[in-house]
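Below: one structure, written as structure tokens.
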Ligand code: FES
């Protein structure tokens, strides 16, 4: 992992290294996560409906580009029994493949058996720098 390119704009780096999968680069910036969308490993998030899973210190976060100007970030871990939810770009929902729970893009349960919402995170995209900050 080459974290140097994502440390730009993250002066309070703690040295922790979250993982966004093979080749992807993210970095802690203060208590938050920073994702440099200029990095080739993160290009999925430059396209509408692109997704990236980021392993944060206490969660796995599914990051979804929902529009040219908006990105959402929610826990990928289904609250029913811990399977990984998947983004349905047609229905604009999150589905769990294990027992069929469905969530909105803000993490609200739309269909059980899950009864608790997914953890939702504030995601701020600075379009002038292509730096995404996920507030933990
Ligand atoms: S683990 Fe997701 S519905 Fe059961």
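Work out, step by step, the length gained on full extension between residue 46 and residue 93: first 0.36 nm times the residue separation, then minus their alpha carbon distance; give nm to one decimal.
Gain on stretching residue 46 to residue 93: 15.0 nm.
Between residue 104 and residue 53, what length in nm is gained on full extension when 0.36 nm per residue of separation is reduced by their alpha carbon distance?
Here the segment from residue 104 to residue 53 would lengthen by 16.7 nm.
Based on the Cβ-Cβ distance of residue 38 and residue 122, what FRET efficiency does E = 1/(1 + (r/R0)^6) give at R0 = 22 Å, to the nearest 0.05?
Using R0 = 22 Å, I get an efficiency of 0.55.
I'd like the FRET efficiency for residue 60 and residue 115, computed as 1/(1 + (r/R0)^6) with the beta carbon distance as r and R0 of 30 Å, rounded to 0.05.
0.90
For the residues 45, 136, 118, what sequence is obtained by ranking on other C-beta atoms within 10 Å, fewest first?
Ordered by Cβ neighbours within 10 Å, fewest first: 136, 45, 118.
Using a 10 Å cut-off around each Cβ, can you sort 55, 116 from fewest to most neighbouring Cβ atoms?
116, 55
What is the extension gain from residue 83 to residue 31, computed as 0.36 nm multiplied by their sequence separation minus the C-alpha to C-alpha distance, in nm to one decimal?
In short, 16.1 nm is gained.
Coordinate-derived values only; no laboratory data. Since this is a predicted model, take the numbers as computed values, not measurements. In this analysis, Cβ positions are derived from the backbone assuming ideal geometry, glycine residues included, and neighbour counts consider all displayed protein chains.
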